[in-house]
Amino acid sequence: MTQTDQSGGANTIWLTQDAHDKLQAELTHLKGPRRAEIVSEISAARDEGDLKENGGYHAAREEQGKNELRILQLEDMLRRAEVGETPPDDGIVEPGMVVTYKFEGDDDADAESFLLGAREIDPGDGLTVYSPQSPLGQAINGRSKGETVSYEVNGKAQTVVILDAKPFAG
């Protein structure tokens, strides 16, 4: 799950088949049942009278805007998507991997995990997503389990140890 194509551009979003299917299911839900539900909420709130002071109406309209924005985002992602295989379980960091790392000098108990992939993806389970274009993502992409890697963020040097890299099971 990355946002770069093979020539280094930012036009293609690489997705596993599972991630593609989840995004397509979310899009279908938002365009169908969720859109109809919001329209019903707006209609019911409109029937209550004065729209200027109708909190339910304004909340439903705001929800409608969020829903339509997510639909546009998903349509764009799916239009640019290139579906590929889940990366191999070889300990090498690449998009589609859940990476566990710690800052150099910290205990293993302070380790954190994240999914290296398209930031628009919500992997669930509270797992954070870092883009391969982020400072940390760029520094560790292609590196292996056990390596120590330095990178710079906001002018400050950071050093991390890659503890593990496993394919995202989603």
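The values are calculated or read from the model by the stated rules, or taken from the named source; none is laboratory data. Note that the structure is a prediction, hence the values are computed from the model and not measured. Every residue, glycine among them, receives a Cβ derived from its backbone with ideal geometry; neighbour counts consider all protein chains shown. SASA here: full protein model, heavy atoms, side chains in, ligands and nucleic acids out. Shrake-Rupley method; radii C 1.70, N 1.55, O 1.52, S 1.80 Å.
Between the beta carbons of ALA36 and ARG80, assuming R0 = 30 Å, the FRET efficiency works out to 0.65 to the nearest 0.05.
3J(HN,Hα) along region 59-74, derived from phi through the Karplus expression 6.51 cos²θ - 1.76 cosθ + 1.60 where θ = phi - 60°, amounts to 5, 5, 5, 5, 4, 4, x, 5, 5, 5, 5, 5, 4, 4, 4, 5 Hz, with x in place of Gly and Pro. Axis angle, to the nearest 10 degrees, between helix 35-46 and the longest C-alpha principal axis of the chain: 40 degrees. At a 1.4 Å probe radius, carbon and sulfur cover how many percent of the accessible area of the chain? About 46 percent, which is the carbon plus sulfur part of the accessible surface. Proximity of backbone amide H atoms, modeled 1.01 Å from N, is registered between GLY84 and LEU15, THR16, GLN17 at under 5 Å, excluding neighbours fewer than 5 places apart on the same chain. Using a Förster distance of 45 angstrom, determine the FRET efficiency expected from the C-beta separation of GLU104 and GLU68, and round it to 0.05. After rounding to 0.05, the efficiency reads 0.50.
Accessible area per residue for the chain, computed on protein heavy atoms with a 1.4 Å probe, is 57 Å².
The 3J(HN,Hα) values that the Karplus relation (6.51, -1.76, 1.60; θ = phi - 60°) gives for region 104-109 are, in residue order, 3, x, 7, 6, 4, 5 Hz. Gly and Pro appear as x. Packing order of peptides 52-65, 126-139, highest average first: 126-139, 52-65 (average count of other Cβ atoms within 10 Å over each peptide's residues).
Identify all aspartates and glutamates with a Cα-Cα distance to LYS166 below 19 Å; exclude those on the same chain that are fewer than 8 residues away in sequence. Cross-link targets: ASP18, GLU85, ASP89, ASP90, GLU94, ASP108, ASP110, GLU112, ASP122, ASP125, GLU147.
Among the listed options [x] 33, 17, 14; [y] 39, 19, 14; [z] 29, 21, 16, the one matching semi-axes √(5λ) of the Cα gyration tensor in Å as calculated from these coordinates is [y]. Model label sites at ARG61 and GLU48, defined 7 Å from Cα along the beta-carbon direction, differ in position by 1.4 nm. Note on region 59-158: antiparallel DSSP beta bridges, both residues inside, total approximately 75 percent of the bridges counted.
Here LYS66 is the anchor, and the lysines within straight C-alpha reach of less than 21 Å, apart from those fewer than 8 places off in the same chain, are LYS22, LYS31, LYS52. Counting only DSSP H runs of at least 4 residues, each contributing -39500 (n - 2.57), and dividing by the residue count of the chain, the helix-based mean residue ellipticity at 222 nm comes to -11000 deg cm²/dmol.
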